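Reading through the structure tokens given below for one structure.
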Protein chains: 2
Amino acid sequence: MSHNKQLKVSIVQHSCTADVDANFALVESCVQQAAKQGAELVVLPELHDYPYFCQTEDVNNFDLAEPIPGEKSQLYADMAAENDVVLVTSLFEKRAPGLYHNTAVVFEKDGTTAGHYRKMHIPDDPGFYEKFYFTPGDLGFEPIETSVGKLGVLVCWDQWFPEAARLMALAGAEILVYPTAIGWDPNDTKEEKARQLDAWITVQRSHAIANGVPVVVANRCGHETDASQHLAGIDFWGNSFACGPQGEMLQQTKNQPAIFSITLDHSRAEKVRRIWPFLRDRRIDSYSDLLRRYKD
Amino acid sequence: MSHNKQLKVSIVQHSCTADVDANFALVESCVQQAAKQGAELVVLPELHDYPYFCQTEDVNNFDLAEPIPGEKSQLYADMAAENDVVLVTSLFEKRAPGLYHNTAVVFEKDGTTAGHYRKMHIPDDPGFYEKFYFTPGDLGFEPIETSVGKLGVLVCWDQWFPEAARLMALAGAEILVYPTAIGWDPNDTKEEKARQLDAWITVQRSHAIANGVPVVVANRCGHETDASQHLAGIDFWGNSFACGPQGEMLQQTKNQPAIFSITLDHSRAEKVRRIWPFLRDRRIDSYSDLLRRYKD
């Protein structure tokens, strides 16, 4: 974006199984297809190599985590280089025994590491026991500089927090990128499911609007069972999408596997920010209570 | 809301003319109708008594402003009492010669003043020269306690700032209320108009979602000319609406005058916050850069 006015971005949406190697092979095939479509930037869903293991709290799942850099991250570095794309991955990072993160790693077209982001907001919800697995990130909200622009990479639960999007925009992010793994409780009503999906799309589009930046979202799809058999599993709802800096929907998919590309135009964001200069008018003199938990 | 589980809210959408007394008479008639519909809370559009004078910079328009409390605010206090409603008004406040605010005043059912809010974020845009007229508010983001609940009253341009909504929610606001005066430049394309309206709805629904509170929006409608004849005037786009705490649309009107009521259920917001406890997971340890203009 800094260097090219037009940027072709590919969003990968896929389902995951318990077979980590098969997931990797699927991801590799998707990245190859995205590159063939001409994408310069490819975004994968959250934790794309793993079943969504957070459905249950099991210490054995820590075996899935790997150091970064490590064997797994090297495979993705090679994949980025082989396909000549900037690649946004989402890995289970082992930082030390008993210290793990949900970490997005961005690889440059030549396979070097552009940067990484450790998921800052960690959910905990029946079927999404992430606080058990992931230590909250300690790298803050720093965009990752790449050859295709400064990427504000955030992960899943972060998407509900306007603060995260704003901090990335204030630090110069040119695109907000959300790898995510979100789905329905099969026991919820049709109406509740519709409200949740609509809220998820709406809140992310609002980050585009409030900050004058495009937003790119990659989700997983498919049903995954709860290995502990206590819950009904999760129907990951797909619906990966991209919107422009006014929140205008550019493309959205359904809940089947998909690889699709959109073209972002860097000059569009500047045009939108000129007519809606929200960054000009923020009342930073009156925002200090944002640093409080609650004003009681 | 603190005291009654169900709350009937009426939203008034009307057009304005250069005749301030006629505008007042129209507003009075609307409030009477809203009260007859059984509303306990009535929300008026921004600056409902005046033509949208900010289309041009003219010092004579300061004649429209009045002290608060003053004759004008007393008329609205009486109107609230006569109709037995909590009334959210939007007035042009003269605080001192050369010092004016865009001020929302909330009256209790007995005509006492529940509180007021001075618009914090002030736009300035061709046709919306508000920085000329309105000194930015200095009362912060404090909800107004009323007999129908704590109201997070914000005004128009505030609606684009997630910080404003969040601060109101953190201070205990149970409903976000936006009197507003927003419209189209008649010279914009149909597509641009559609994007602007959609963005405006989306960003306000996102405040409901991010904070787990209902949102109530009252806009004006109708075309108003630019008194200085430099611009094409403004087509105020109406589309006043209310949504629930998951962002779910409760009711939305078109761009004709309208008085409509929705019922808010206090218990609904708590249910939504229990499944989506965003306030639990905010990374207040990492938000300090929100107090900066930009991170260069």
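Laboratory data are not the source of any read-out in this text; all were calculated from the coordinates shown. Just so it is clear, the structure is predicted and the values come from calculations on it, not from any experiment. Cβ placement follows ideal geometry from the backbone for every residue including glycine, while neighbour counts extend to all protein chains displayed.
Sequence gap at least 6, Cα distance under 8 Å: using those rules, report the relative contact order of the range B:1-102 to the nearest whole percent.
Numbers: 133 pairs, mean separation 30.6, N = 102.
With pairs under 8 Å counted, the relative contact order is 30 percent.
Decide, for the range B:225-296, between rounded, prolate and oblate: order the square roots of the alpha carbon gyration tensor eigenvalues as a ≥ b ≥ c, take rounded if a/c falls under 1.5, and otherwise choose prolate if a/b is larger than b/c, else oblate. Intermediate values should be presented prior to the final figure.
On the way: a/c = 4.96, a/b = 1.27, b/c = 3.89.
Note, shape of the range B:225-296 comes out oblate.
Please state the relative contact order of chain B as a whole percent: Cα pairs under 8 Å, 6+ residues apart? It would help to have the intermediate numbers written out before the result.
Details: 684 pairs, mean separation 61.1, N = 296.
With pairs under 8 Å counted, the relative contact order is 21 percent.
Over all residues in B:200-208, what is the mean tally of Cβ atoms on other chains that come within 10 Å of each residue's Cβ? Walk me through the numbers on the way to the answer.
Values: counts 2, 2, 13, 11, 2, 6, 12, 4, 3.
Counting Cβ atoms of other protein chains within 10 Å of each residue's Cβ and averaging gives 6.
Any chance you could tell me what percent of the C-alpha pair distances in chain A go past 34 Å?
16
Count the net charge of all other residues whose Cβ sits under 10 Å from the Cβ of A:Pro214, scoring Lys and Arg as +1 and Asp and Glu as -1. List each step's numbers first, then the result.
Working: positive: A:Arg268; negative: A:Glu174, A:Glu248, A:Asp265.
For residues surrounding A:Pro214, the net value is -2.
Which order results if B:Asp49, B:Asp158, A:Asp289 are arranged by neighbouring Cβ count within 10 Å, fewest first?
Numbers: B:Asp49 22, B:Asp158 28, A:Asp289 16.
Neighbour counts put them in this order, fewest first: A:Asp289, B:Asp49, B:Asp158.
In nm, what does the list of distances from A:Asp125 to its counterparts in the other copies look like, shortest first, when each label sits 7 Å along Cα to Cβ?
Shortest to longest, the spacings are 3.3 nm.
Report, for B:Asp296, each distance to the same residue's label point in the other copies, shortest first and in nm; define the point 7 Å along Cα→Cβ.
Spacings between copies for this position, smallest first, are 4.2 nm.
Considering only DSSP beta bridges where both residues belong to the protein assembly as shown, give the percentage that are antiparallel (nearest 5).
70
Count charges around A:Asp125 for me, please; just the other residues with Cβ under 11 Å from its Cβ, Lys/Arg as +1, Asp/Glu as -1.
Working: positive: A:Lys131, B:Arg274, B:Arg280; negative: A:Asp124, A:Glu130, A:Asp185, B:Asp281.
Taking every other residue near A:Asp125 into account, the sum is -1.
Using alpha carbon centroids, what distance separates the range B:249-273 and the range A:176-215, in Å?
21
Between A:Glu66 and A:Leu250, 0.36 nm times their residue separation minus their Cα-Cα distance comes to what? Intermediate results must be reported in sequence, preceding the final value.
Numbers: separation 184, 0.36 × 184 = 66.24 nm, distance 3.55 nm.
Between A:Glu66 and A:Leu250, full extension yields an extra 62.7 nm.
Per residue of chain A, what 222 nm ellipticity follows from adding -39500 (n - 2.57) for every DSSP H run with n ≥ 4, rounded to the nearest 500? All intermediate terms of the calculation are to be shown ahead of the outcome.
Working: 7 runs with 79 residues, N = 296.
Mean residue ellipticity, 222 nm, calculated: -8000 deg cm²/dmol.
Picking from A:Lys119, A:Lys109, A:Lys190, which is most flexible by a Gaussian network model of chain A using Cα springs under 10 Å?
Sorting by GNM fluctuation, first place goes to A:Lys190.
So if R0 is 35 Å, what FRET efficiency would B:Lys131 and A:Glu191 give, r being the distance between their Cβ atoms, rounded to the nearest 0.05? Numbers along the way, then the final one.
Numbers: r = 44 Å, r/R0 = 1.26.
About 0.20, to the nearest 0.05.
Classify the range A:155-296 from the C-alpha gyration tensor, please: rounded if a/c falls under 1.5, else prolate or oblate depending on whether a/b exceeds b/c. Display every interim value, and only then the final one.
On the way: a/c = 2.61, a/b = 1.46, b/c = 1.79.
Note, shape of the range A:155-296 comes out oblate.
Which distances, in nm and shortest first, link the A:Thr263 label point to the same label point in every other copy, taking 7 Å along Cα→Cβ?
Those separations, rounded to one decimal, come out as 5.2 nm.
Any chance you could check the Cα centroid distance between the range B:54-125 and the range A:1-63 for me, in angstrom?
If you average the Cα positions of each part, the centres end up 54 Å apart.
Quick one: 3J(HN,Hα) in Hz for the range A:86-103, Karplus 6.51/-1.76/1.60 with θ = phi - 60°, rounded, Gly and Pro as x.
Ordered by residue, 3J(HN,Hα) equals 7, 10, 9, 10, 9, 10, 9, 8, 9, 8, 6, x, x, 9, 10, 9, 9, 10 Hz.
State the antiparallel share, in %, of DSSP beta bridges confined to the range A:6-276, rounding to the nearest 5. Could the numbers behind the result be given before it?
Details: 38 of 53 bridges.
In the range A:6-276, DSSP labels about 70 percent of beta bridges as antiparallel.
By count of other Cβ within 10 Å, fewest leading, how are B:Trp160, A:Trp157 ordered? Mind dumping the intermediate values first?
On the way: B:Trp160 21, A:Trp157 27.
Ranking B:Trp160, A:Trp157 by Cβ neighbours within 10 Å, fewest first, gives B:Trp160, A:Trp157.
Given that compact globular proteins tend to follow 2.2 N^0.38 Å, what is the ratio of the alpha-carbon Rg of the protein assembly as shown to that value? Could you put the intermediate results ahead of the total?
On the way: Rg = 24.9 Å, N = 592, 2.2 N^0.38 = 24.9 Å.
With N residues counted in the protein assembly as shown, Rg over 2.2 N^0.38 Å equals 1.00.
Roughly how crowded by other chains is peptide B:271-278, in terms of the mean Cβ count from those chains within 10 Å of each of its Cβ atoms?
Working: counts 0, 2, 0, 0, 6, 6, 3, 8.
The mean count of partner-chain Cβ atoms within 10 Å per residue comes to 3.
Test of understanding: ordering A:Lys271, A:Lys5 by Cβ neighbours within 10 Å, fewest first, what list do you get? Walk me through the intermediate numbers first.
On the way: A:Lys271 13, A:Lys5 10.
By the 10 Å Cβ count, ascending, the order reads A:Lys5, A:Lys271.
Long-range amide H contacts for A:Gln251: which residues qualify at under 5 Å (H placed 1.01 Å from N, peptide plane, sequence gap of 5 or more or a different chain)?
Counting only residues 5 or more places away or on other chains, the set is A:Ala242.
Starting from the 7 Å offset along Cα-to-Cβ, what nm value, one decimal, do you get for the label separation of A:Gln32 and A:Leu231?
If labels sit at A:Gln32 and A:Leu231, their model points lie 3.5 nm apart.
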